[in-house]
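A short write-up of the structure that comes next.
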Amino acid sequence: MDKSRPSSPDAPPQDLWSSILDSVSSSRSIPSKQVIVLGEPASGKSTLVSALLQKPPPEETKEEHRTDFALGYDWADVRDDADEDTLARLSVYTVPSSAPAYTSLLPYFVPPRTSLPHTLVMVVLDWTRPWSFIQELETWLEWVEKWVKGDGSRELDIAKEENRERLQAHWQYYAEPSSEPLPATSTVSTTLLPLGPGTLTHNSAGVPIVVVCTKADLIDESNDIIGSGTSGMGGMVKGKGGEWEERTDSIMQVLRTICLKYGAGLFYTTPQPTTLQVLRQYALHMLFMPPAPSPVAAAPGEVAALGRNPFPFQHKPNALDRDRVVIPAGWDSWGKIAVLRDGFDAKLWGEAWENDLGGSEDDASDPHAKRLYASLVPDLSRKPPPLPPLNNPTPEQVFLAKNYDENAKKPDRDPRGAFRNPNETAGAGIVGPMGSSSFNLPTVERALTEMESVAGAAGANPLNVSTARDPTRGLSSRAGGRAANAGLSIPTGGATLGLGRSAAPSPAPMSATTPNSADDQSQHQALKAFFDNLINKRSTRIDDKSAAASPSKGPEVENGADEGS
């Protein structure tokens, strides 16, 4: 048996055609990259998204008709210069504001475990609100640190470590663009230098970050009135001058110091397409950063070179033009920041930033970034007018009790004083609280006197004249009887009261003047006796209806006498 004969080949796979298609698709798959745009409302995010995707900007509409989604999304294919091949697919996620209701949605669409090596974060700041730069930077950068924590899986930790090494290698291998051709060798003989002070101290996951200050063309706007103008910078100083330049340069130095700690780039943009195009090139350059070279690949004493980036960034840094600032990651340092304006302490601002993140704002002795920045850039935003103080009405019972106590102390507020003679001191009565003067009112006494005088002048005694047999007595006689009763007089001094049947003459009426005696008790008793006698006589007249026709009897007040005649 010939053992040199080759053995039979392996059996082909069951689905040969599907395996061929899978191999071809995997070899020609298009890489996918994501950009997360973070910014507050009306900060210019839509303009940046249109520039990144190379799509026409949205139509100019009024702010009140603009609609923000909970999470904006759009995508576009990135092609080469000849517009023939598709090199990548770029997706852009837009967060409308820093509210937790919006930022909590991002981890579901962009999970860090799978998206971290292919994601760039873009923080948008608005130059019309420069006083809010530090607050917004703290909010967004803290969110990035929270987002990269993810689920804490082993795969995520590996991705974070590789991403951090890649960003650090980008900083160490950075070289300012020049017109000279790059060396053809894959290694360089120079030794990599360590990172400078205050460089890449944060951003443990190595996320590429770009801080974009939009509407930079409004920095040069000059105003003569403090607090007016479209730009926030116009309200800080009166027109252009040394103070105006110092403030803008100081703001740039603060932003560069913070970006240096996170390994981020700083860009100023305007509505001009040139600045937006530079930003797009830099974003693609950072998204396609090559991985960190392996130290094994380099010969002893040499450093391995980075891989080729399909989107090189050839724009030189620019820190002088305030409306076209370009500070790429890897170029800046504390020394270059201090050159811009003398007197700036980058170390102090770095410590102040750390104190803010540590939450030790209660200690006034330590520097804090928010406090230092507030003294540099005052807040000129239009705040709503304060609400009026809360009006707590007094409870009803408390109000009444207070006024009752006050009125009780004032004798002139007693309502009984309106019916009291001012020449006499009021005294307590037996029947009620009214004094003796209430029985001697001038008006009542005068009325009684007039009634009696009218009756005497007519020659008729309303107490002794009978009207029982008057055939012509009608409704007027009934009214006359009631009028006669009104002429009764009140006797004094314990005299017997008579009505109708009394033969004694009517006593004299009450004096119109107030008596000098203070015998109130006798007057109350007399008044009580008068009313008791009146009630008894009424009952007696009802019982004596049969004898009402006798001429010797006095007139009856009631009409029953006529009926009995």
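Being open to solvent by less than 60 Å² (accessible area, probe 1.4 Å) and modelled with pLDDT of 85 or more is the filter here; which residues of segment 74-87 pass it?
If the condition is that a residue be open to solvent by less than 60 Å² (accessible area, probe 1.4 Å) and modelled with pLDDT of 85 or more, then Asp74, Ala76, Asp77, Val78 are the ones that fit.
Which of the residues that make up segment 325-356 are among the charged types (D, E, K, R) and surrounded by fewer than 19 Cβ atoms within 10 Å (Cβ to Cβ)?
Result: Lys336, Arg341, Asp342, Asp345, Lys347, Glu351, Glu354.
Just the residues that are in a helix (DSSP H, G or I) and touching a residue at least 24 places away in the same chain (Cβ under 8 Å), please, taken from segment 144-163.
Selection gives Val144, Glu145, Trp147, Glu155, Leu156, Ala159, Lys160, Glu162, Asn163.
Can you name the residue in segment 88-106 that is polar (S, T, N, Q) and under 19 Å from the mean Cα position of the chain (by Cα) and is also farthest from Val78 (Cα to Cα) among such residues?
The residue in question is Ser98.
So Arg66 ticks every box in (1) over 30 Å from Glu136 (Cβ atoms); (2) surrounded by 11 or more Cβ atoms within 10 Å (Cβ to Cβ); (3) at pLDDT below 70 but one. Which box is left unticked?
Only one criterion is unmet by Arg66, namely (1).
Take segment 256-272 and flag every residue that is farther than 18 Å from Asn355 by Cβ, within 34 Å of the chain's Cα centre (by Cα) and not in a loop (DSSP other than H, G, I, E, B).
Result: Arg256, Cys259, Leu266, Phe267, Tyr268.
Please indicate, with yes or no, whether at least one residue in segment 43-54 is at pLDDT below 80 and open to solvent by 70 Å² or more (accessible area, probe 1.4 Å).
No: zero hits.
For segment 94-106, does any single residue satisfy the condition of being outside any helix (DSSP H, G or I), touching a strand residue (DSSP E or B) at 6+ places or on another chain (Cβ under 6 Å), closer than 23 Å to Gly44 by Cα and at pLDDT 90 or above?
Checking segment 94-106: at least one residue is outside any helix (DSSP H, G or I), touching a strand residue (DSSP E or B) at 6+ places or on another chain (Cβ under 6 Å), closer than 23 Å to Gly44 by Cα and at pLDDT 90 or above.
Within segment 289-304, is even one residue among the polar types (S, T, N, Q), at pLDDT 90 or above and exposed (fewer than 15 other Cβ atoms within 10 Å of the Cβ)?
No, segment 289-304 contains no residue that is among the polar types (S, T, N, Q), at pLDDT 90 or above and exposed (fewer than 15 other Cβ atoms within 10 Å of the Cβ).
Any residue in segment 187-198 that is at negative phi, in a strand (DSSP E or B) and either open to solvent by less than 60 Å² (accessible area, probe 1.4 Å) or at pLDDT 90 or above (or both)?
Among the residues of segment 187-198, at least one is at negative phi, in a strand (DSSP E or B) and either open to solvent by less than 60 Å² (accessible area, probe 1.4 Å) or at pLDDT 90 or above (or both), which makes the answer yes.
Could you list, ordered by first residue, the pairs with Cβ atoms under 8 Å in which the first is in segment 71-89 and closer than 27 Å to Pro41 by Cα and among the aromatic types (Phe, Trp, Tyr) and the second is part of a strand (DSSP E or B) and at pLDDT 85 or above, at least 6 apart or interchain?
Tyr73/Ser91; Tyr73/Val92; Tyr73/Tyr93; Tyr73/Thr94; Trp75/Arg89; Trp75/Leu90; Trp75/Ser91; Trp75/Val92
Would you mind telling me which numbered condition in (1) open to solvent by less than 40 Å² (accessible area, probe 1.4 Å); (2) more than 22 Å from the chain's Cα centre (by Cα); (3) at pLDDT 90 or above Ser132 fails?
(2)
Within segment 373-426, restricting attention to residues that are closer than 30 Å to Glu138 by Cα, surrounded by 11 or more Cβ atoms within 10 Å (Cβ to Cβ) and not small (Gly, Ala, Ser), which residue is modelled with the lowest pLDDT?
Leu380
The values are calculated or read from the model by the stated rules, or taken from the named source; none is laboratory data. Quick caveat, the model's predicted, so the values are computed rather than measured. Heads up, the Cβs are rebuilt from the backbone with ideal geometry, glycines too, and the neighbour counts pull from every protein chain shown. With ligands, DNA and RNA removed, areas are computed over all heavy atoms of the protein, side chains included. Shrake-Rupley method; radii C 1.70, N 1.55, O 1.52, S 1.80 Å.
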